[in-house]
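Structure, as structure tokens:
The values are calculated or read from the model by the stated rules, or taken from the named source; none is laboratory data. Quantities reported herein were computed from a predicted structural model and do not represent experimental measurements. So basically every Cβ, Gly included, is an ideal-geometry build from the backbone, and we count neighbours across all protein chains shown.
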């Protein structure tokens, strides 16, 4: 990773264990950065969005648990359009649209409550969402948040044994994670628990698909009596990061599922497994071909072109902000 991405020293740390309040997280969910550099972070334990500057200072908090305006049920993903709109994706509860400039956040509307959207991203003023099922898995929405087109074939899943209808339905419920790459007019669709990554042009044409090697995938299985189960993946794609105009960096995390047994943190906290290893893959952006692989450098999420957030779960949930510089053309 050091050959393609220069990562600087920690600029700020967000998260503490010895102080109740906005610096103590039960479980860090989504994060996004506005065009002015304001950082928005969701806490899935308290169903809040907390607002920080790039020095890690808390600027404000928005939201609480509930199903009304300005309330959330497990806000698992945040996306900012770089202007004044923040989207909060909730677990099977639709997408909340907020006006967000600096520390000022206001509720606008909630949409897609019956659609089971699983991810979203914005690009050049356009909004894309993903959805599970047997039909096209990527949808584009207009400014009224109505679906105007659909594309992308469903992702298959690994089903153990003799699959029944329940196992097949369960395997297809979750749509891919989306990443919008505006400078390259590319939409990435990621099935994180299967090690699959696709690139689409904005006209909906699939450019390539890549399967990462040696991936310990999530397996769906059939139970007697017509039920189904899922064995959570040991590996998952943690981040996909376009680098320059010709490369894509994909980071895979390996989880220690046994480490979660009997663990307790803050009241209402969601328990997440420890990440025991990360691995980075460098892909050709035009073809998806894997060019190299190497040990990773922590769980890194791009917030801006020159700033990364490193997620830490042990000894407590926190973020470390690090400057970064791309080294490839």
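Which condition from (1) buried (at least 22 other Cβ atoms within 10 Å of the Cβ); (2) farther than 22 Å from residue 315 by Cα; (3) without any contact (Cβ under 8 Å) to a residue 60 or more places away in the chain is the one that residue 83 breaks? Answer for residue 83: the failing condition is (1). Selection of the range 99-117 for residues being within 19 Å of residue 142 (Cβ to Cβ) and without any contact (Cβ under 8 Å) to a residue 40 or more places away in the chain yields 99, 108, 109, 111, 112, 113, 114, 115. Among the numbered conditions (1) at pLDDT 90 or above; (2) over 24 Å from residue 173 (Cα atoms); (3) surrounded by fewer than 20 Cβ atoms within 10 Å (Cβ to Cβ), the only one that residue 18 does not meet is (1). Residues in the range 133-161 that are part of a loop (DSSP other than H, G, I, E, B) and more than 20 Å from residue 201 (Cα to Cα): 133, 134, 143, 144, 145, 146, 156, 157, 161. Pairs meeting the criteria (first residue in the range 42-57 and without any contact (Cβ under 8 Å) to a residue 40 or more places away in the chain and at negative phi, second residue surrounded by 23 or more Cβ atoms within 10 Å (Cβ to Cβ) and outside any strand (DSSP E or B), beta carbons under 9 Å, at least 6 apart or on different chains) are 43/25; 43/317; 50/25. Given 56, 8, 29, which one is buried (at least 22 other Cβ atoms within 10 Å of the Cβ) and farther than 16 Å from residue 104 by Cβ? Matching residue, one of 56, 8, 29: 29. Every listed requirement among (1) over 19 Å from residue 312 (Cα atoms); (2) over 19 Å from the mean Cα position of the chain (by Cα); (3) in contact (Cβ under 8 Å) with a residue 24 or more places away in the chain; (4) surrounded by fewer than 19 Cβ atoms within 10 Å (Cβ to Cβ) is met by residue 73 save one, (2).
Summed over the range 99-114, residues that are surrounded by fewer than 20 Cβ atoms within 10 Å (Cβ to Cβ), in contact with a strand residue (DSSP E or B) (Cβ under 6 Å, 6 or more places away or on another chain) and not in a strand (DSSP E or B) total 1.
Restricting the search to the range 220-235, which residues are surrounded by fewer than 19 Cβ atoms within 10 Å (Cβ to Cβ) and not in a loop (DSSP other than H, G, I, E, B)?
228, 229, 230, 231
For the range 164-171, the criterion of being more than 20 Å from the chain's Cα centre (by Cα), more than 30 Å from residue 313 (Cβ to Cβ) and in a loop (DSSP other than H, G, I, E, B) is satisfied by at least one residue.
On the basis of being within 19 Å of the chain's Cα centre (by Cα), surrounded by 21 or more Cβ atoms within 10 Å (Cβ to Cβ) and more than 30 Å from residue 286 (Cβ to Cβ), does residue 178 make the cut?
On the way: within 19 Å of the chain's Cα centre (by Cα): yes; surrounded by 21 or more Cβ atoms within 10 Å (Cβ to Cβ): yes; more than 30 Å from residue 286 (Cβ to Cβ): no.
Here the answer is no, as residue 178 does not meet what is asked.
Test of understanding: among 218, 152, which residue is on the phi > 0 side of the Ramachandran plot and in contact with a strand residue (DSSP E or B) (Cβ under 8 Å, 6 or more places away or on another chain)? Even if it seems obvious, please write down each step before you answer.
Numbers: 218 fails: on the phi > 0 side of the Ramachandran plot.
When all the criteria are applied, what remains is 152.
For the residues 149, 139, the requirement of being surrounded by fewer than 20 Cβ atoms within 10 Å (Cβ to Cβ) and at pLDDT 95 or above singles out 149.
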